[in-house]
1. Select one label from [x] 38, 18, 14; [y] 27, 15, 13; [z] 32, 19, 12: the one whose number is semi-axes √(5λ) of the Cα gyration tensor in Å as derived from the coordinates shown.
2. With a cut-off of 16 Å, note down the residues of region 1-35 whose backbone N falls inside the zone around a label point 7 Å from the Cα of ALA94 toward its beta carbon.
3. Within 14 Å, Cβ to Cβ, of ILE48, how many net charges do the neighbouring residues add up to if Lys/Arg are +1 and Asp/Glu are -1?
4. Once phi is turned into ³J(HN,Hα) by the Karplus curve 6.51 cos²θ - 1.76 cosθ + 1.60 with θ = phi - 60°, what whole-Hz value does each residue of region 61-73 show in order, with x for glycine and proline?
5. Along the Cα→Cβ direction, 7 angstrom out, place labels at SER102 and ARG17. What is the inter-label distance in nm?
6. Check THR74: other-chain or 5+ apart residues with amide H under 5 Å from its amide H, H built from backbone geometry?
7. Where in region 1-40 is the amide nitrogen less than 12 Å from a point lying 7 Å along the Cα-to-Cβ axis of GLU52?
8. VAL85 to ARG3: extension gain in nm, 0.36 nm per residue of separation minus the Cα-Cα distance?
Amino acid sequence: MLRRHFAQAEITASQARTLSTLAKRGPQRLTDLALVEQVAQPSMSALIARLEIHGLVERRPDPGEPKTRLISITEEGLELWRSIVALRSKLLAAGLMFLSVSERAVLRAALPALEHLVEELQGSE
């Protein structure tokens, strides 16, 4: 269902992940964004160019280094990212209804450990 949403928005999963990174981390240099997304710099450059065409990101001078450009998510990009997050949450909530009450309780009990794991993994980046 998410892929269908991406297709309607004319965006790929890689582009959606990049929007997510920009929404969560703020403006990034192209090289840093490529490292975070684990793609080659030329691939990231092409991806950003496509997002720019759709008005989802923009390049701005870095205030600390005027020759360097930072990639920022636009308001339109934020709206799209928020719609993706909302849809993902809706799909997950609907999927949880297929589980029994006891299975949902097990997942609920595991949430603190999973949150801790995510925090640790994010801290190691």
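The numbers here are math on the coordinates, done by the rules we state, and not lab data. Nothing here was measured: the structure is a model prediction, and the numbers come from that model. Heads up, the Cβs are rebuilt from the backbone with ideal geometry, glycines too, and the neighbour counts pull from every protein chain shown.
1. Answer by label: [z].
2. Only 1-8 fall inside the zone, counting backbone N under 16 Å.
3. Values: positive: ARG17, ARG29, ARG50, ARG59, ARG60, ARG69; negative: ASP32, GLU37, GLU52, GLU58.
The answer is +2.
4. Taking θ as phi minus 60°, the curve returns x, 6, x, x, 9, x, 7, 8, 9, 10, 8, 10, 7 Hz for region 61-73.
5. Output for this residue pair reads 3.7 nm.
6. VAL57, GLU58
7. Counting only backbone N, you get 30.
8. Details: separation 82, 0.36 × 82 = 29.52 nm, distance 1.29 nm.
My answer for the length gained is 28.2 nm.
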